[in-house]
Amino acid sequence: MGFAKMKTWKRIIGISALVLVLLGPAVNATGTAEENIVSGADGPSVSGVPLFPPDHIWNTRIDSLPVDSRSDEYVATIGSDNYLHADFGSGLYEGNPIGIPFNIVNGSQEKKTVLFDYTDESDSGPYPLPDNPLIEGGSDHHIIIIDRDARILYELYAAEKQGDGSWTAGSGAVFNLSGYSLRPSGWTSADAAGLAILPGLVRYDEVNAGEINHALRFTAPSTRKAYVWPARHYASSVTDPAYPPMGQRFRLKSSFNTSGYPYQAHIVLEALKKYGMILSDNGAPWYITGSPDEQWNNDALHTLHQLKGSDFEAVNCSSLIINQDSGQALAPPVSIQTDDRIGIFRNGTWYLDNDGSGTWNTGDKVYNFGTTGWTTAGSDWNGDGKTEIGIYREGVWYLDYNGNGSWDAVPDKVYTFGAPGWIPVIGRWN
């Protein structure tokens, strides 16, 4: 809901994202998510611009952190039986792309003054607004702009272009994407929690590449009159401690089985296990937000409705804080896998004692991955705390990156490292 200081809530259901790349002051809608968005070992980036440093709290894993002491209460007040919803997708809803789009400009884009409703908590700018920027539909009317030369993120809530060409907005915030600075304590942003929006959006190309390596943004119907790091602002009069504060981190429980979900949904669910989601705004329960793209499979995303609030838990992130006024996070503790189980490999078939009983039964797994004469190479390839299978032959590694026991061109991995006759060695080298 953007500023959400008791604004009337309206929510568009669904989403889809376009990326506007401005090569100069004139608008050229030539960029696509596939061309401009990457997600790698150094953290997520857009058009070569990092979305904050890798050790920023948005980009920090929380799967090894303790459960918050009020987790059950928070989940109950958001809705234990309410389903998870991907508030993004392909196509249009009420004439608008489904999701929160963003614009990319360079340093030559003309900057314009914006008149704010909440001047006291807004960055004055000016803002590099194109003549016809991509803007979120519905009531929130967010405009998100990246200046890729300066590596600056500009975000507006309730933005509106006036008849004379000037701009107004409810609130606005400017973020240095190379740094860790948070908003002043008590300040909103273009989001109710006082956080940046773009770093928490689900973007098609990171899903297509096989991994989301940042927390997601989500909404809840009722929040508390409080906020926790890294949030800076609340948007509620409720003081009941059973309600979650803005900035509260949640994650999908590690016991939830994601293996049967379509590819796009599976990648989102794995991110929710590893990086979780940050409560950023008042809105519909368990709505995760993303940017629109015509390559989203809406049917696949709708399978996320199978998850309920009871599948999630609140996380205590206090151990990651270095400074309350900084988004930089300490490295989380490493989760060590100690419950290895037996398995055998023969002529390309894996027989795995999945239930740990030491005998073969209906709860165990059979995978066909490899062929006669190949060497097994199992390890935690995707960092989910579980062992994924892999095979090695004559200097080539084939790794079951998504852990489904079969070869998929995307997101499974092929690496050339070694030569015929060499022996594969696996370890946590760093």
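Bear in mind that the values in this text are calculations on the coordinates, not laboratory data. Not measured: the values here are computed from a predicted model. Neighbour counts run over all protein chains shown; Cβ positions are idealised from the backbone, glycine included.
Quick notes on this structure:
- Amide H contacts under 5 Å for residue 112: 127, 129, restricted to partners 5 or more places along the chain or on a different chain, H placed in the peptide plane at 1.01 Å from N.
- Which labelled figure in [x] 73, 58, 36; [y] 103, 46, 29; [z] 73, 50, 41 is Cα extents along the principal axes in Å, once derived from the coordinates: [z]
- Entries of 365/413; 273/413; 161/225; 365/386; 386/413; 274/413 with Cα pairs more than 24 Å apart: 161/225
- Part-to-part distance (alpha-carbon centres) for segment 145-168 and segment 244-297, which is given in Å: 27 Å
- Rounded if a/c under 1.5, otherwise prolate or oblate - segment 117-259, Cα gyration tensor axes: oblate
- Note on segment 343-416: with charges restricted to the Cβ of Lys and Arg (+1) and Asp and Glu (-1), its dipole about the Cα centre is near 200 debye.
- Chain lengthening between residue 298 and residue 238 when straightened (0.36 nm per residue, less Cα-Cα): 18.1 nm
- Rounded to the nearest 20 debye, the dipole size of the chain about its Cα centre is 540 debye, using +1 on the Cβ of Lys and Arg and -1 on the Cβ of Asp and Glu.
- The helix-only estimate of mean residue ellipticity at 222 nm for the chain, built from DSSP H runs of length n ≥ 4 each weighted as -39500 (n - 2.57), is -2000 deg cm²/dmol after division by the residue total.
- Cα gyration tensor shape of segment 148-189, rounded if a/c is under 1.5, else prolate or oblate by comparing a/b with b/c: oblate
- Shape category assigned to segment 343-416 from the gyration tensor of Cα positions, a/c cut at 1.5: oblate
- Just checking the listed ones, 287, 392, 415: in the Gaussian network model of the chain with Cα springs under 10 Å, the one fluctuating most is 415.
- Fluctuation leader among 197, 144, 391 - the chain, Gaussian network, Cα springs under 10 angstrom: 391
- Using a Gaussian network model of the chain in which every pair of alpha carbons under 10 angstrom is joined by a spring, one finds that among 365, 273, 308 the greatest mean-square fluctuation is at 365.
- Inter-centroid distance (Cα atoms) of segment 311-371 relative to segment 86-138, Å: 40 Å
- Axis angle, to the nearest 10 degrees, between helix 263-274 and the longest C-alpha principal axis of the chain: 80 degrees.
- For the chain, with +1 on Lys and Arg beta carbons and -1 on Asp and Glu, the positive-most of 348, 244, 177 along the dipole: 244
- Stretchable slack from residue 419 to residue 222, in nm (0.36 nm times residue separation minus alpha-carbon distance): 65.1 nm
- In this calculation the C-beta distance from residue 341 to residue 149 is compared with R0 = 51 Å, giving a FRET efficiency of 0.45.
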